[in-house]
Amino acid sequence: ACGGGGGGGSANPGGGAGGQDDGKLVMGFAQVGAESGWRTANTKSVQESATAAGVELKFSDAQQKQENQLKAIRSFIQQKVDVIAFSPVVETGWDAVLLEAKRANIPVILTDRAVDSEDDTLYETFLGSDFVEEGKKAGQWLVDNTQGAVNVVELQGTTGAAPAIDRKEGFESVIAARPDIKIVATQSGDFTRAGGKQVMEAFLKSNPDIDVVYAHNDDMGLGAIEAIKAAGKKPGTDIKIITVDAVKDGMTALANGEINFIVECNPLLGPQLMELAKKVVAGEEVPKRVVTEETTFTQEQAKAALPERKY
Amino acid sequence: MPSRAGVSRLVWPLAALVALIALNAVFTPSFLTLRIQDGHLFGSLVDILRNGAPTLLIALGMTLVIATRGIDLSVGAVAAIAAAVTCVHIAGGGSAIVGMVLALALCVLLGLWNGFLVTVLGIQPIIATLVLMTAGRGLAMLITEGQIITVNNDLFSQIGAGFLVLPIAILISLAALVGVALLTRRTALGMLIEAVGVNPEASRLAGVRSRTIVWTVYVFVALCAGVAGLMLASNVNSADANNLGLWIEMDAILAVVIGGTSLAGGRYSLLGTLLGALVIQTLTTTVYTIGVPTNVTLVFKAVVVIAVCLLQSPRAAGLLRGRASRPSTPDSAEVSAP
Amino acid sequence: MTDTAPQSPAPVVDMRGTSVEFPGVKALTDVDFRLFPGEVHALMGENGAGKSTLIKALTGVHTPAAGEIHLNGSPVAFTGPGQAQDAGISTVYQEVNLCGNLSVAENILLGREPRRFGRAGWIDGRRTRARAAELLARIGLSIDPGSTLASHPIAVQQLVAITRALAVDARVLVLDEPTSSLDTDEVAELFRIMRVLREEGVAILFVSHFLDQVYEISDRMTVLRNGALVGEYRTGELSRIDLVSAMLGRAAGTLAEVERRVERHVPGTEAVVRADGLGRKGAIEPFDIEVRAGEVVGLAGLLGSGRTEMARLLYGADRPDTGTLSVDGAQVRVRGPRSLIARGVVFSSEDRKAEGLVADLTIRDNIVLAMQAARGWARPLPRRTVDALVAEYVEKLDIRPANPDAVVGTLSGGNQQKVLLARWLATKPRLLILDEPTRGIDVGAKAQIQKVVADLAADGMAVLFISAELEEVVRVSDRVVVLRDRRKVAELTGGDISVDRVMSMIAGHGVDPVDPLPEAVDA
Amino acid sequence: MTSPSRTSRVPQRFLPVIATFVVFIATFGTGSIRYEGFASGQVVANLFIDNAHLIVLAVGMTFVILTGGIDLSVGSVVALSSMIAAAGLQAGWPAWLAVLASLAAGSALGLLMGLVIHHFQVQPFIVTLAGMFLARGLCFLISVESVSIKDKTFRAAATGSFELPGDVVVTYSVVIALLVVAVGAYVLHLTRFGRTVYAVGGSESSARLMGLATGRAKVGVYVISGFCSGLGGLLFSLYMLSGYGLHGVGMELDVIAAVVIGGTLLAGGVGYVVGSLAGVLVLGTVQTLISFDGTLTSWWTKIVIGVLLLAFIVLQRLIVRRREQ
Ligand SMILES: Nc1ncnc2c1ncn2[C@@H]1O[C@H](COP(=O)(O)OP(=O)(O)OP(=O)(O)O)[C@@H](O)[C@H]1O
Ligand SMILES: Nc1ncnc2c1ncn2[C@@H]1O[C@H](COP(=O)(O)OP(=O)(O)OP(=O)(O)O)[C@@H](O)[C@H]1O
Ligand SMILES: [Mg+2]
Ligand SMILES: [Mg+2]
């Protein structure tokens, strides 16, 4: 915004708001924001596959605020789009606007995160990962791959965020089977590398023997790696690291042996979303819950998968 | 030398700092231990210094801005821009030096921009800098295209994570602090800044170049923010345009205020700002070290902040000294600026 | 000490053994003070003697460290000015303590606005304005009650503050230097009202450094020196000389001596500053003026006649719409005060609180501010030079406390004024514009300042001198320029200068309107 | 006897507010030309519906800023208020109790902050920042997860609306918000408390010497702001039908921006609640323009918000300057 000042300048390509009658499917997509690399990959995937599938996309970024997302959805309803898709910032509080969409006969698809609405006719389908399941997968690997007493430190996501809550819950439920696995410290690293590093630095000083780090996303894990290195230990060997997401930087670290296990949380929902959207608009039956195809990676699998990784 | 605004007021931030460190030492006996590792100092105290360096640097610039009755909300965004420019440059195969110089030059421009809005157009500082706070982060993301840019550059990683016995980051910040202290107290700059902050009209009539001075401090704080951004990025070897330096403006302002500088402008204390920044960083580290549950963290912080400023207040000081001393309020009538 | 109390009833205010301390300063020590109904009681003392402090102790602004205060015989201990007000003490504090952001009417009636339907109702804006207009008219001030207070000069603000104090039926009226910026006419108006109130039995506490005024209006006086009581006297029984020596604590032989105009050699002929048709719409009509080296030019006129406006234009504080300004024969492009300061033209504002001092800084910083600003921040004045300079002016003007590290905001009003003067004198200017330089300054110091001005002129400095006190203008000036209704109407020189002549010019008699410089016509 | 000419003074003081409205209308006009369907009554109504909570917060903040203070806790108190309401309702409280508890919590926190600010002479910035931490911390103590509101009364209040002429629908929240603006204006201009608020902002020491109850005003404005935050939180919980500890993050900045854009001086003493209302509408219009566009990426969204904000304040500034001369 530096330099000249004034109003003009910014890219406002093409105005046209209407345009629903040229046979093209119009989708309104209300994204959470661009708070992480994962989210940006997700946005990109949706945009690219919309172009590929010939869908006209109306994109709105809510800057991580639920109220903005509500406004965006209302404005989609007013602009009479054919289908609305969105990744809810929070699970709660969607009934009213979903009802409005239903009254306007616009089908809704949820992506990435669920809503807690009791009336499940308010949306057609929910496409996305299962955060609890991700936590379970991480826990399961730990249970399967360690013996004896294990001291775990946990790097949580943003306090109150759904993935943070669910990944913690899933993880804890599985390791409960092994009383000798103990979570000795747990703190929020806000899903960022800087947060992960700072928290890990403090953990390393207050807990002399840490065996495993469980990070709710790759970024915090990558931050923890830096802290572990600075403390003169070897990440992946002296301290094992488990993370969730499998973004490219994480996969690289995994392939290099600095991370031990990653649970995938796939952001590339675009193609599946477009497919579902077309079916929904055409009135076809779709399953109420579509879980994204997701896997887990060990170090060997990472080496094999890395060259084809897109994000 | 750096402080003139009542040394006695600095006793309480100092006490808070000592108390926090003592609290840590009780919970984690190893907290105070320092050892040499790979030729540099290693320990929790060193972490506090290193992690507090960016906040300190920004708070340093912010102190001068606040002394002129201003405020700069855009520092976090400016830090993100600096980090983004440098990391994108390095990731694209450029040299770290050139990247950093480019970034800091851009920061100077951004500072000029803020200063222009405040001094020439006469827009209230909080709102003038809000523009860059919002748009700047978008700019940073535009540069990185929303990706976290990871870099591997030894020189670059020294700035935030390197050591010369002590962390290089804190050495930079302290050098800046001492530099500014010398610059403002050995020259007349400090006095002129305070004069502009206390009574702009009287200063104008006394022939002070208030516009130039105010403009300069905005450029300076932007430069500080730029360097802080480089530190933050270098510490994790990556630029995260969305999260880098998020809310750091609040931490910086808080550090300034804890240090005893009034948001109403005028007298400032650089030593106080140093203490303030250290208190804030120690507080954060304390939360991690003594294992405050995440859902209690904020309440804990609130209690500490309130305790520090209550102790600092003149009234509390009076109460502590015992009610014997009469509560005669020093008359602010003729002291306060119009 | 003889009892000077009137036979009549018991005192309304009786302060006994009052002491007030500030960190490091004992402002009042064991002072007794009595105020009786139906009298005007002058509180006298040098700058910093503790007059304002005594008033603030009485009205609950300061909590005394020791002593008792009785109001109508019963002990009181106010914890704030609001309580004193409720108890019937109405006060005008020394500095204009009103809110510049509010309108005149709001300021006058703040806290006691007329409301509809009694207590429960809302403020009646129309009645507020009407009542304010009524009260303003009572002291002869015709300004728009709806106008913002800050848009008025300091003298008008002072009148508004007085109006506010008069708006309630108080048993005690306290006036701390109410007349420091006022003209003879306004003072006369105020005294008329004070006399009426005195008749009604109101007790009036009056502070002023103008001895004439004190002798004209007061019945008794109490003299303070260095925070301690000197004595309580009946006005008629204390001669001026005795009063002054009571205040100063030494024989007042110097007084008569300095009250005389200091003789000097003839001023130079070349103009330091010259304005041709300089003017600004809404402020002052285009005027010509010339101030020569070694000359003191006085500006005389009524309140609002445009003296300050003229000075501000000459200094570049406001931008002129028309005309030209030249310094030493070279035309100046006016781009703010700096362009004139650089050429040696300086201006000491009448509004020291808003436009003069930087309250939170020390005496030292305030004195060197202008010199330092002119040098730029990068070339600090050497510490030794600063200390010498500050010490020199602290001594010359008798600034108290003599501690250069004292914060200016804590000084007494008169001492603040001296600091401001010191700032400008220290710059050794070519033209010194002084707007009400002796406002709130005690007799001794005033004479001292007049002498300093005369000495400087003798050394070749040009001075433009503005004062509401006509005698003072006449005494110090070589030439007097008279303004009326925002225009320059006359210019008097040499033997023509006398209080009576100037008065009649101001009033609009005599040669009217005169433009001594013919070129002014086309401006 | 004097004839006080009440000319040209009033517009002078109202200038920033008027300028804000002018710029607001101009922008709205531009939007109407650019985007189809923009110039409908409903879009205007939505501006109020979507920002009802902000309007209420801005009124409270105006009081605080007029005294020269600042309240950073409003966003968090919104979260706390929504959380108390939601958790209370979940625990089976009747709706009125939940409402009362939310309002009481907001006011009590405001009172606490005001007392600390006044009696201990601590800077408002720092006290309310601590209040911000505290309120959000309390949310997380109640529940870390978001709590959905299922109560019938609340749902009815949230979905309930009435029609204005021209097929324009507005919610009850709008009525409440406008009522708060009216009450705010009344208190500020027609009560002694309001006059004192302005006086304190103009010069606190003078106000004290004039014998005004400055302490009461200084504490009072924080109570008002706390109450407005509580009420704003309730409106927000109606809008979102949930309580959540992460609601309203950064909202305090939006509110402060709205108030300042509306012509209130941060230094205190100058400003009007109507201006703050205009400020909220300005921010709302920026949002609406963005969402009508629908082609902006995440980062262009931020940049465009910044640029529009800039355009607003520069235009407003120019209008004020031009008229002042
Ligand atoms: N708030 C304060 N803090 C410290 N010292 C103060 C304060 N207020 C007044 N003083 C000191 O108390 C002394 C008495 O001041 P006071 O204002 O009563 O003088 P005064 O007699 O009214 O003088 P003047 O005629 O100049 O108005 C002075 O030395 C002044 O410096
Ligand atoms: N008695 C009065 N009635 C109405 N307005 C007045 C009066 N006195 C002053 N003013 C105001 O004064 C302003 C011009 O004042 P200016 O400062 O030029 O006066 P001045 O001659 O310097 O007076 P002084 O310095 O004695 O206050 C005008 O804006 C006018 O509103
Ligand atoms: Mg005095
Ligand atoms: Mg004047």
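The values are calculated or read from the model by the stated rules, or taken from the named source; none is laboratory data. The structure displayed is predicted, hence computed values, not measured ones. As a convention, Cβ positions derive from the backbone with ideal geometry for all residues, glycine included, and neighbour counts pool all protein chains shown. We work out accessible area using only protein heavy atoms, side chains counted, and drop any ligands, DNA or RNA first. Shrake-Rupley method; radii C 1.70, N 1.55, O 1.52, S 1.80 Å.
Restricting to segment B:146-173, name every residue that is in a helix (DSSP H, G or I) and in contact (Cβ under 8 Å) with a residue 40 or more places away in the chain.
B:LEU155, B:PHE156, B:SER157, B:GLN158, B:ILE159, B:GLY160, B:ALA161, B:ALA169, B:ILE170, B:ILE172, B:SER173
Could you check segment C:313-341 and list, in sequence order, the residues that are part of a loop (DSSP other than H, G, I, E, B) and either within 16 Å of ligand 3 (Cβ to nearest atom) or crowded, with 23+ Cβ neighbours inside 10 Å (or both)?
Start the filter on segment C:313-341 by keeping residues that are part of a loop (DSSP other than H, G, I, E, B), which leaves C:316-321, C:328-329, C:332-336.
Scanning segment C:313-341 gives a single hit, C:GLY316.
Just to be sure I understand, how many residues within segment A:201-248 are within 11 Å of chain B (Cβ to nearest Cβ) and of a type in the set (Val, Ile, Thr)?
Residues meeting the conditions: 2.
Which count do you get for residues in segment A:45-75 that are within 11 Å of chain D (Cβ to nearest Cβ) and within 29 Å of B:LEU246 (Cβ to Cβ)?
Of the residues in segment A:45-75, 20 are within 11 Å of chain D (Cβ to nearest Cβ) and within 29 Å of B:LEU246 (Cβ to Cβ).
Can you tell me which residues in segment B:151-180 are open to solvent by 60 Å² or more (accessible area, probe 1.4 Å) and not hydrophobic (A, V, I, L, M, F, W, C)?
Within segment B:151-180, B:ASN152, B:ASP154, B:GLN158 qualify.
I need a count of the residues in segment B:111-122 that are crowded, with 23+ Cβ neighbours inside 10 Å and either closer than 19 Å to D:THR20 by Cβ or within 12 Å of chain D (Cβ to nearest Cβ) (or both).
Qualifying residue count, segment B:111-122: 4.
Among (1) touching a helix residue (DSSP H, G or I) at 6+ places or on another chain (Cβ under 6 Å); (2) in a helix (DSSP H, G or I), where does B:ILE123 come up short?
The one condition B:ILE123 does not meet is (2).
Here are D:THR264, D:THR297: which of them is of a type in the set (S, T, N, Q), open to solvent by less than 10 Å² (accessible area, probe 1.4 Å), within 12 Å of chain B (Cβ to nearest Cβ) and out of contact with any His (no Cβ under 6 Å at 6 or more places or on another chain)?
Residue meeting the stated conditions: D:THR264.
Do we have B:LEU112 as of a type in the set (A, V, I, L, M) and under 30 Å from D:ILE319 (Cα atoms) here? Lay out the reasoning, then the answer.
Details: of a type in the set (A, V, I, L, M): yes; under 30 Å from D:ILE319 (Cα atoms): yes.
When the stated conditions are applied, B:LEU112 passes them.
Is it the case that segment C:292-312 has a residue that's open to solvent by 30 Å² or more (accessible area, probe 1.4 Å), in a strand (DSSP E or B) and more than 16 Å from ligand 3 (Cβ to nearest atom)?
Yes, segment C:292-312 contains a residue that is open to solvent by 30 Å² or more (accessible area, probe 1.4 Å), in a strand (DSSP E or B) and more than 16 Å from ligand 3 (Cβ to nearest atom).
Please verify whether segment D:182-194 includes one or more residues that are away from chain C (no Cβ under 14 Å) and in contact with a Leu (Cβ under 9 Å, 6 or more places away or on another chain). If you could, list the steps in order and put the result at the bottom.
Within segment D:182-194, the first condition is being away from chain C (no Cβ under 14 Å), and the residues that meet it are none.
Within segment D:182-194 (the criterion being away from chain C (no Cβ under 14 Å) and in contact with a Leu (Cβ under 9 Å, 6 or more places away or on another chain)), the answer is no, since none of the residues qualifies.
Based on this model, can you work out whether C:ALA228 counts as within 20 Å of the chain's Cα centre (by Cα) and farther than 19 Å from C:ASP169 by Cα?
For C:ALA228, the condition - within 20 Å of the chain's Cα centre (by Cα) and farther than 19 Å from C:ASP169 by Cα - is not met.
Can C:ALA293 be described as away from ligand 2 (no atom under 16 Å from the Cβ), of a type in the set (A, V, I, L, M, F, W, C) and either closer than 27 Å to C:GLN94 by Cβ or in contact (Cβ under 8 Å) with a residue 60 or more places away in the chain (or both)?
yes
Kindly indicate whether any position in segment B:39-56 is out of contact with any Phe, Trp or Tyr (no Cβ under 9 Å at 6 or more places or on another chain), assigned to a helix (DSSP H, G or I) and more than 25 Å from A:GLY232 (Cα to Cα).
Taking every residue of segment B:39-56 in turn, at least one turns out to be out of contact with any Phe, Trp or Tyr (no Cβ under 9 Å at 6 or more places or on another chain), assigned to a helix (DSSP H, G or I) and more than 25 Å from A:GLY232 (Cα to Cα).
Is it the case that some residue within segment B:232-248 is under 16 Å from B:LEU60 (Cα atoms), open to solvent by 10 Å² or more (accessible area, probe 1.4 Å), more than 14 Å from chain A (Cβ to nearest Cβ) and touching a residue at least 60 places away in the same chain (Cβ under 8 Å)?
No, because not a single residue in segment B:232-248 is under 16 Å from B:LEU60 (Cα atoms), open to solvent by 10 Å² or more (accessible area, probe 1.4 Å), more than 14 Å from chain A (Cβ to nearest Cβ) and touching a residue at least 60 places away in the same chain (Cβ under 8 Å).
Based on this model, can you work out whether B:ARG267 counts as more than 16 Å from D:LEU129 (Cβ to Cβ), at pLDDT 90 or above and within 16 Å of ligand 1 (Cβ to nearest atom)?
Yes; evaluated as a whole, the condition is true for this residue.
Determine whether segment C:262-269 contains at least one residue that is crowded, with 20+ Cβ neighbours inside 10 Å and either modelled with pLDDT under 95 or more than 14 Å from chain B (Cβ to nearest Cβ) (or both).
No, segment C:262-269 has no match at all.
Would you be able to tell me the number of residues in segment D:146-167 that are assigned to a strand (DSSP E or B) and either open to solvent by 20 Å² or more (accessible area, probe 1.4 Å) or free of Cβ contacts under 8 Å to residues at least 24 places away in the same chain (or both)?
Going through segment D:146-167 one residue at a time, the tally reaches 4.
Does C:ALA130 meet the test of being open to solvent by less than 40 Å² (accessible area, probe 1.4 Å) and of a type outside the set (Val, Ile, Thr)?
No.
Given the criterion farther than 24 Å from A:VAL199 by Cβ, basic (Lys, Arg) and open to solvent by 10 Å² or more (accessible area, probe 1.4 Å), identify the matching residue among B:ARG50, B:ARG69, B:ARG35.
On inspection, the qualifying residue turns out to be B:ARG69.
Being away from chain D (no Cβ under 13 Å) and surrounded by fewer than 24 Cβ atoms within 10 Å (Cβ to Cβ), is that true of even one residue in segment B:292-303?
no
Check segment C:337-351 and report whether any residue there is of a type in the set (A, V, I, L, M, F, W, C) and within 16 Å of ligand 1 (Cβ to nearest atom).
no
Would you please name the residue that is nearest to the chain's Cα centre (by Cα), looking only at residues in segment C:382-403 that are away from ligand 3 (no atom under 16 Å from the Cβ) and open to solvent by less than 40 Å² (accessible area, probe 1.4 Å)?
C:LEU397
Applying the selection to segment C:151-165, what residues are open to solvent by 20 Å² or more (accessible area, probe 1.4 Å) and either over 17 Å from the mean Cα position of the chain (by Cα) or within 8 Å of ligand 2 (Cβ to nearest atom) (or both)?
If the condition is that a residue be open to solvent by 20 Å² or more (accessible area, probe 1.4 Å) and either over 17 Å from the mean Cα position of the chain (by Cα) or within 8 Å of ligand 2 (Cβ to nearest atom) (or both), then C:SER151, C:HIS152, C:PRO153 are the ones that fit.
Where residues in segment C:21-64 are free of Cβ contacts under 8 Å to residues at least 60 places away in the same chain and open to solvent by less than 10 Å² (accessible area, probe 1.4 Å), which of them is nearest to ligand 2 (Cβ to nearest atom)?
Ranking the candidates gives C:VAL61 first.
Can you tell me which residue among C:GLY409, C:GLY414 is at negative phi, assigned to a helix (DSSP H, G or I), surrounded by 24 or more Cβ atoms within 10 Å (Cβ to Cβ) and within 14 Å of another protein chain (Cβ to nearest Cβ)?
C:GLY414
Considering segment C:183-221 alone, what residues qualify as being open to solvent by less than 10 Å² (accessible area, probe 1.4 Å), within 16 Å of ligand 3 (Cβ to nearest atom) and within 24 Å of C:GLN417 (Cα to Cα)?
The answer is C:LEU205, C:PHE206, C:VAL207, C:SER208, C:VAL214.
Determine which member of the set C:GLU350, C:GLU309 is in contact (Cβ under 8 Å) with a residue 12 or more places away in the chain and away from chain B (no Cβ under 14 Å).
Answer to the selection: C:GLU309.
Would you say D:ALA39 is more than 23 Å from D:VAL197 (Cβ to Cβ) and at pLDDT 95 or above?
No; evaluated as a whole, the condition is false for this residue.
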